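First comes the structure, then the notes that go with it.
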Ligand code: PMT
């Protein structure tokens, strides 16, 4: 996936809260992603973490005052504001939020923020009662209306010993939202429906028939779509993956539940991508009680599930429909047959069973087959990169379709 943080000028603003130590971890992640990061700290922040920590990690002088003499401090806030591609305030304290909401500029950080025009992410972090205080919520509403992107604090045990909302989100999640902010939004206005993961077909209350799909491929496409500005609905079979941020996830278990969810939501979607490994058959009957091992052999009678993709191919209007084909042999022949029979615009074929491709892996080796008969063989790459290329090709088809 494109590294949207690479070479970007980020300004990290650190306020005086107990979570200031997490800002150092955030800074490390941003530097690892090859962003150029400058840090501004309030005087209170210095009581929690020393500027030297941020200076060492960023390799740049840290700004703590409008008037320090290490650079031309008096105009530095304007220069940094002009050069910034994005600003993140983490942690943002009640005091600084109050000042920003009211246009007060009485230190380096708040003065800098008045001069900033690039995207701004605000990460409030404080005690739950302070966070829920009406004045605080009012100030957050003002800042949101002023164009700040607010990252809601997480819930959990807080440093003050209470439990509730107020925790600074994890540094990886803040970095993710920053990268999202900087990503080009070429799918803005488009709704994408994606299915992912396996389906589970129950035999009895404790057993089921399923497959090895981890959901990684489908979740990567959902995440990439959301990054690129699409409204994404992810219909997912059971997986161990966290929900991609900003994506509406609908959890299902069986093929029939997945079919119901797809047909309920497909009409509004501009693009439908079926990555899920749907069980082709389900047991004729699901035992009400756990099946006992009374016999040496056991025969399970199976019934064919609906082919959701094929049905979607018959129902589709002016929509782009994309399938995946998981094959163990004859990829070209089998994938092209599915493309035709299911009335698809594109199918992504992958050979499964390879240790670096297919089920459960972080990488995939995919060949794209198009309805005009052409094909494109991709190298082995991260599933996140496959996701972006797939979306690039879909965008081209959307443009061609008008
Ligand atoms: O989840 P991961 O661990 O990351 O693995 C990714 C993957 C290997 C599951 C993925 O890349 C993939 O190949 N998904 C399709 C798996 C599959 O079910 O392939 P198929 O050839 O059996 O089905 C072809 C297409 O028809 C698929 O889009 C499938 O979603 C759809 N289908 C199949 C059967 C059915 N009853 N209904 C369907 O909609």
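Just so it is clear, none of the values below were taken in a lab; they were calculated from the coordinates. Fair warning: this is a prediction, and the values are worked out from it, not measured in the lab. Quick reminder, even Gly has a Cβ in these numbers, built from the backbone with ideal geometry, and neighbours come from all protein chains shown.
Quick rundown of the values:
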{"quantity": "Exposure proxy order (Cβ contacts within 10 Å, fewest to most) of 249, 396, 383", "calculated": "396, 249, 383"}
{"quantity": "Sites residue 376 and residue 21, calculated FRET efficiency, Cβ-Cβ separation with R0 41 Å, nearest 0.05", "calculated": "0.30"}
{"quantity": "Packing-based exposure ordering (other Cβ within 10 Å, fewest first) of 328, 286", "calculated": "328, 286"}
{"quantity": "Separation in nanometres of the label points that stand 7 Å from Cα toward Cβ, at residue 330 and residue 145", "calculated": "6.5"}
{"quantity": "Helix 383-401 axis, angle to the chain major axis (alpha carbon atoms, nearest 10°)", "calculated": "80"}
{"quantity": "Relative exposure of 301, 214, judged by other C-beta atoms within 10 Å (fewest first)", "calculated": "301, 214"}
{"quantity": "Potential lengthening between residue 53 and residue 160 on full extension [0.36 nm per residue; Cα-Cα distance subtracted]", "calculated": "36.1 nm"}
{"quantity": "Area projected by the alpha carbon convex hull of the chain, averaged over all directions, nm²", "calculated": "24.6"}
{"quantity": "Förster radius 41 Å - calculated FRET efficiency between residue 206 and residue 267, Cβ distance, rounded to 0.05", "calculated": "0.65"}
{"quantity": "Cα→Cβ-extended label distance, 7 Å offset, between residue 79 and residue 302, nm", "calculated": "6.9"}
{"quantity": "Three-way shape label, the stretch 292-332, alpha-carbon gyration tensor, a/c 1.5", "calculated": "oblate"}
{"quantity": "Between helix 255-265 and the chain: long-axis angle, C-alpha atoms, 0 to 90°, nearest 10", "calculated": "60"}
{"quantity": "Overall form of the stretch 301-394 per C-alpha gyration tensor (a/c, 1.5; a/b vs b/c)", "calculated": "oblate"}
{"quantity": "Cα centroid separation, the stretch 1-62 to the stretch 106-153 (Å)", "calculated": "18"}
{"quantity": "Cα-based helix-to-principal-axis angle, 20-32 vs the chain, degrees rounded to 10", "calculated": "60"}
{"quantity": "Where labels lie 7 Å past Cα in the beta-carbon direction, separation of residue 130 and residue 401 in nm", "calculated": "5.0"}
